[in-house]
Amino acid sequence: MEHDVEQRCAETDLAEVLTPILRARLPEAASADVISCVRTETGYSTETFIVTVDGVAEPDIRSRTRRYVLRRPPRLAILPDYDLEKQFRVMHRLTESDVPVPRVRFFEADPADLGSPYFVMDFVDSVYTVGDVPPYHQAGIFADTDDAGRARLWNGCVDMIARIHRADAGRDRLGFLRLNTDSSPGPEGLARYLRTSIEWAYAGEPVHPGLLGGLDWLEAHLYEPRRIGLCWGDARMSNLLYGRDFEPVAALDWEMAYLGDQAADIAWMLTTDWISSPHEGHAPSPGVPTPAETIARYEDAVGGRVEHMTFHFISSALLLGLPLIRLDKSMGLDGLLPEVCANRIEAVLGGECDTAG
């Protein structure tokens with residue numbers, strides 16, 4: 001989905017430009033005004049803005065002020081197949097499933113309005129989030145709560161992953177999430193996608209040897225999966241909204257969703273936690289279940305065993321490497337970020353990580 005980033009609506013102009021758009025597209029906002037449009041501080045894969053509107057008219061609701069969320073593509077593409085409409089379609093089609101997602105309102109592919117495609121969804125009030133910057137181990141609700149609270153937040157994410165995996169990809173019309181149309185949505189297709197995508201991310205420059213080693217390992221250890229289904233792709237606590245009781249109420253950020261072996265989502269959650277952990281040996285924070293306990297909880301929730309976890313841990317490190325390669329280059333970090341992913345692959349293959357399952 002290409003657009004000219006130089007023609008995009010400036011952040012300072014969004015509130016004024018959005019007022020007539022929301023009046024025309026949202027029945028409750030027919031006479032409303034956008035009073036602010038504030039970009040969130042986190043998230044590199046999609047630009048996200050909190051839009052506050054005054055003058056909303058809805059039956060049985062006293063407040064005339066309401067918030068929405070606007071999402072549009074980033075200036076720098078950090079994923080090779082970025083598709084904003086895909087995110088919208090996933091959430092729209094999950095609306096009738098058991099997976100809680102924010103209500104999406106409309107998608108606009110024509111860049112005439114804002115200089116890029118965009119979509120609008122409802123803002124979810126009275127929720128907590130687990131942040132990534134600084135790492136949730138060090139600041140925010142995860143760090144500030146007690147051991148039992150951390151376990152609730154963690155297990156809530158595991159349970160949400162299982163809930164997502166119980167979605168019926170056929171019934172919910174999610175076939176468009178195949179990574180490769182010319183191969184099966186399994187390990188072979190994922191390995192092919194990772195190699196071509198990492199080459200794209202490096203744009204002709206030499207690929208980190210540790211990442212190349214991981215790609216070679218995957219291709220030498222392909223297997224036949226027992227089940228293919230919806231993978232969240234970016235399965236972690238920071239992509240959940242939690243209620244006051246630390247129970248998850250909505251799953252966000254579907255940029256990386258795909259059809260595949262669903263154990264990959266558990267591996268992603270464990271991999272991103274390991275990489276961000278400041279504790280000795282990348283240990284989990286106090287109160288957080290071990291990888292073996294996490295996998296066991298997931299298996300109980302989905303009613304089946306997960307297999308080939310070494311494959312999933314390596315593929316998750318490579319998949320995480322995709323955006324990090326691009327961000328590393330844009331920030332001038334001289335290979336620091338992909339090195340982190342290569343270190344994870346080395347640790348997995350060296351037996352330094354708990355790969356139970």
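The values are calculated or read from the model by the stated rules, or taken from the named source; none is laboratory data. Small disclaimer: the values here were computed from a predicted structure and weren't measured. Positions of Cβ are backbone-derived with ideal geometry, glycine not excepted, and every protein chain shown enters the neighbour counts. Keep in mind that these areas ignore ligands, DNA and RNA; they rest on the heavy atoms of the full protein, side chains included. Shrake-Rupley method; radii C 1.70, N 1.55, O 1.52, S 1.80 Å.
What about Ala301, is it within 20 Å of Gly186 (Cα to Cα) and assigned to a helix (DSSP H, G or I)? So Ala301 fails the test.
Scanning region 284-301 finds one or more residues that are under 18 Å from Asp159 (Cα atoms), buried (at least 16 other Cβ atoms within 10 Å of the Cβ) and aromatic (Phe, Trp, Tyr). Scan region 305-348 for residues that are farther than 17 Å from Thr272 by Cα and open to solvent by 30 Å² or more (accessible area, probe 1.4 Å) and jot them down. Correct list: Arg305, Glu307, His308, Arg326, Lys329, Ser330, Met331, Gly332, Leu333, Asp334.
Residues are listed down the side, and each one gets a yes or a no for (1) within 30 Å of Lys329 (Cα to Cα); (2) within 22 Å of the chain's Cα centre (by Cα); (3) surrounded by 18 or more Cβ atoms within 10 Å (Cβ to Cβ):
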residue: Arg173; (1), (2), (3): no, yes, no
residue: His208; (1), (2), (3): yes, no, yes
residue: Asp216; (1), (2), (3): yes, no, no
residue: Glu224; (1), (2), (3): no, no, no
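For region 121-146: of the residues being farther than 15 Å from Arg244 by Cα and either of a type in the set (Val, Ile, Thr) or part of a helix (DSSP H, G or I) (or both), which is most open to solvent (accessible area, probe 1.4 Å)? Across region 121-146, the extreme among qualifying residues is Val133. Residues in region 46-76 that are open to solvent by less than 40 Å² (accessible area, probe 1.4 Å), assigned to a loop (DSSP other than H, G, I, E, B) and farther than 30 Å from Gly170 by Cβ: Gly55, Val56, Pro74. Within region 274-286, the set of residues being within 19 Å of Ile314 (Cβ to Cβ) and assigned to a loop (DSSP other than H, G, I, E, B) comprises Ser277 only. Looking at Thr271, is it crowded, with 22+ Cβ neighbours inside 10 Å, assigned to a helix (DSSP H, G or I), in contact with a Ser or Thr (Cβ under 9 Å, 6 or more places away or on another chain) and among the polar types (S, T, N, Q)? So Thr271 passes the test. Of all residues in region 86-113, those that are open to solvent by less than 70 Å² (accessible area, probe 1.4 Å) and either within 14 Å of the chain's Cα centre (by Cα) or not basic (Lys, Arg) (or both) total 18. If you go through region 147-167 one residue at a time, do you hit one that is over 20 Å from Thr294 (Cα atoms) and open to solvent by 60 Å² or more (accessible area, probe 1.4 Å)? Within region 147-167, not a single residue is over 20 Å from Thr294 (Cα atoms) and open to solvent by 60 Å² or more (accessible area, probe 1.4 Å).
Looking at region 251-268, is at least one residue over 27 Å from Thr95 (Cβ atoms), open to solvent by less than 40 Å² (accessible area, probe 1.4 Å), touching a Leu at 6+ places or on another chain (Cβ under 9 Å) and part of a helix (DSSP H, G or I)? The answer is no, given that none of the residues of region 251-268 is over 27 Å from Thr95 (Cβ atoms), open to solvent by less than 40 Å² (accessible area, probe 1.4 Å), touching a Leu at 6+ places or on another chain (Cβ under 9 Å) and part of a helix (DSSP H, G or I).
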